[in-house]
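The values are calculated or read from the model by the stated rules, or taken from the named source; none is laboratory data. Treat the numbers as computed from the prediction; the structure is a model and nothing was measured. Methodologically, a virtual Cβ is constructed for each residue, glycine included, from the backbone with ideal geometry; neighbour enumeration extends over all protein chains shown.
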Amino acid sequence: MQRTSESTSGATPSAWQPASRIPVSVLGATGVVGQRFVRRLAQHPWFELRHLAASEKSTGKRYAEACSWRLALHGDDEHYAGRGAQVLVPCTPEAAAAPLVFSALDSAVARELEPRFAEAGCLVFSNASAYRMENDVPLLIPEVNAEHLALLVAQRRRTGWSGGIVCNPNCTATILSVALAPLERAFGIEQVLVTSMQALSGAGHPGVPSLDAAGNVVPFIREEEEKMATEPQKMLGALRGGAIEPAPFLVSALCHRVPVVDGHTEAVSVKLRGAPTPQAVREALTTWRPAVTSDLPSAPRATLRVHDAEDRPQARLDVESERGMTVHVGRIRACAVLGVKMVLLGHNAERGAAGASVLNAELAVRQGYLA
Ligand code: NAP
């Protein structure tokens, strides 16, 4: 058995729940992330999956016909089977509006469509990069920066929308930021050098052509390094006077696509203020108590899990734990250049996408942001 340590929220789950289940829609329901939304929402205790939408080529088809289902079904079989007969509606607010809307749209499509849903009164939880870096759009990880949701107030004031847009970060940046959050709080971060090995599912379906992917490493993912260099500072920034003051550290990222199905691995070196030892860094990671989220149905028991085994974490062994919502840290050791280095692993399509958005929506509902 490997030894692990977990950063848990430490609170007892409360029985809070909305007075009735809240209708939700999924945009881009047929894709890699959309399918995970459908699986997660099929039996959600607070939300009721109402509309499924995708592109024009899918509109009017039954879900089972429009979608090339890619997920293992296990105990979810019957829930998916129930969805298979559902007819996809047009991806417009007229056809697919609901109080909560989960968007798994590509960025260009999201840029056009998400504001239309927000204007129609929907609270949109987006996986796309289109609006992530807007000043008044929360880039949210509930355990890390729940207070950033307050940006919705400024967003609604500026736009006049009764709905709004809340983004989850880029999947690779999410994994990095969850691990950096305790270090920023405990020491302060000066510099980060990160090399990613990113799963194929991160490119959507059909994604990378098989002849490029099999037995290969592709050292380029469009716009990924730029997102890694800017999003963590917004997430770990401070909310001051209704705006985010980004954390001042630098990130240099090198991103690679590798032939792994699910799970991004990241090799990280960090320069921290005061040059703490690897033991002190391990201690900061294991004793971190994330903002309390244990009363949210999609919150994992452990947001961070620190592994001591010398060959962990591994995508094949660790990425599915806690329904893909845990970020794994291992191999914490001295770095001759920046001070400390370690390996991170997280589920790109759950912690980095569908699971993250559902958790964000739960937090927004819990904090009373539903229009
Ligand atoms: P994907 O597998 O390519 O799915 C794209 C979805 O968008 C499909 O449902 C597609 O429907 C729909 N779509 C395409 N054009 C549309 C249009 N004009 N109107 C309405 N729907 C349209 O992509 P994905 O991997 O799920 O990614 C979705 C979003 O999540 C992207 O912004 C991506 O960057 C982000 N994201 C992905 C991951 C990941 O691990 N994959 C992680 C984090 C963030 P049809 O089937 O009808 O074409």
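Just a yes or no: is a residue in the range 114-127 in the same structural domain as Pro93 (by TED's automatic domain parsing), surrounded by fewer than 22 Cβ atoms within 10 Å (Cβ to Cβ), among the hydrophobic types (A, V, I, L, M, F, W, C) and touching a residue at least 60 places away in the same chain (Cβ under 8 Å)?
Within the range 114-127, not a single residue is in the same structural domain as Pro93 (by TED's automatic domain parsing), surrounded by fewer than 22 Cβ atoms within 10 Å (Cβ to Cβ), among the hydrophobic types (A, V, I, L, M, F, W, C) and touching a residue at least 60 places away in the same chain (Cβ under 8 Å).
Go through (1) more than 14 Å from Gly31 (Cβ to Cβ); (2) of a type outside the set (A, V, I, L, M, F, W, C); (3) modelled with pLDDT of 95 or more and name the single condition Gly82 misses.
Among (1) more than 14 Å from Gly31 (Cβ to Cβ); (2) of a type outside the set (A, V, I, L, M, F, W, C); (3) modelled with pLDDT of 95 or more, Gly82 violates only (3).
At pLDDT below 95, among the small types (Gly, Ala, Ser) and away from the ligand (no atom under 14 Å from the Cβ): does that describe Ala72?
Taking the combined requirement at face value, the residue satisfies it.
Taking the criterion of being in a loop (DSSP other than H, G, I, E, B), surrounded by fewer than 16 Cβ atoms within 10 Å (Cβ to Cβ) and away from the ligand (no atom under 11 Å from the Cβ), would at least one residue in the range 93-102 satisfy it? Don't jump to the end; show me each part of the working.
If we filter the range 93-102 for residues that are in a loop (DSSP other than H, G, I, E, B), which is where we start, we get 97-99.
Now restrict to residues that are surrounded by fewer than 16 Cβ atoms within 10 Å (Cβ to Cβ): none.
There is no residue in the range 93-102 that is in a loop (DSSP other than H, G, I, E, B), surrounded by fewer than 16 Cβ atoms within 10 Å (Cβ to Cβ) and away from the ligand (no atom under 11 Å from the Cβ).
If Arg156 passes every condition in (1) of a type in the set (D, E, K, R); (2) away from the ligand (no atom under 14 Å from the Cβ); (3) exposed (fewer than 15 other Cβ atoms within 10 Å of the Cβ) but one, which one does it miss?
(3)
What pairs come up if the first residue lies in the range 220-240 and is farther than 18 Å from Ala179 by Cβ, the second is in a loop (DSSP other than H, G, I, E, B), and their beta carbons are under 8 Å apart, counting only those six or more places apart or on different chains?
So the pair list comes out as Glu223/Ser129; Ala238/Ala247.
Among the residues of the range 201-217, is there at least one that is away from the ligand (no atom under 16 Å from the Cβ) and buried (at least 23 other Cβ atoms within 10 Å of the Cβ)?
no
How about the range 107-132: which of its residues are more than 8 Å from the ligand (Cβ to nearest atom) and in a helix (DSSP H, G or I)?
Listed by number, the residues that qualify are Ala108, Arg111, Glu112, Glu114, Pro115, Arg116, Phe117, Ala118, Glu119.
All but one of (1) surrounded by fewer than 20 Cβ atoms within 10 Å (Cβ to Cβ); (2) assigned to a loop (DSSP other than H, G, I, E, B); (3) not β-branched (Val, Ile, Thr) hold for Pro290, so report the exception by its number.
Looking at each condition in turn, Pro290 falls short on (1).
Could you identify the single residue in Ala361, Ala353 that is under 21 Å from Ala72 (Cα atoms) and touching a residue at least 60 places away in the same chain (Cβ under 8 Å)?
After applying the criteria, what remains is Ala353.
Could you please give the count of residues in the range 343-358 that are in a loop (DSSP other than H, G, I, E, B), in contact with a strand residue (DSSP E or B) (Cβ under 9 Å, 6 or more places away or on another chain) and closer than 13 Å to Gln35 by Cβ? First the steps, then the outcome.
The initial filter retains those residues of the range 343-358 that are in a loop (DSSP other than H, G, I, E, B), namely 347-353.
Remaining after also requiring in contact with a strand residue (DSSP E or B) (Cβ under 9 Å, 6 or more places away or on another chain): 347-348, 351-352.
Keeping just the survivors that are closer than 13 Å to Gln35 by Cβ gives none.
The total comes to 0.
Could you please find all residues in the range 320-371 being under 14 Å from the mean Cα position of the chain (by Cα), within 16 Å of the ligand (Cβ to nearest atom) and either hydrophobic (A, V, I, L, M, F, W, C) or over 28 Å from Gly207 (Cβ atoms) (or both)?
Met325, Val327, Leu345, Ala349, Ala353, Ala354, Ala356, Val358, Leu359, Ala361
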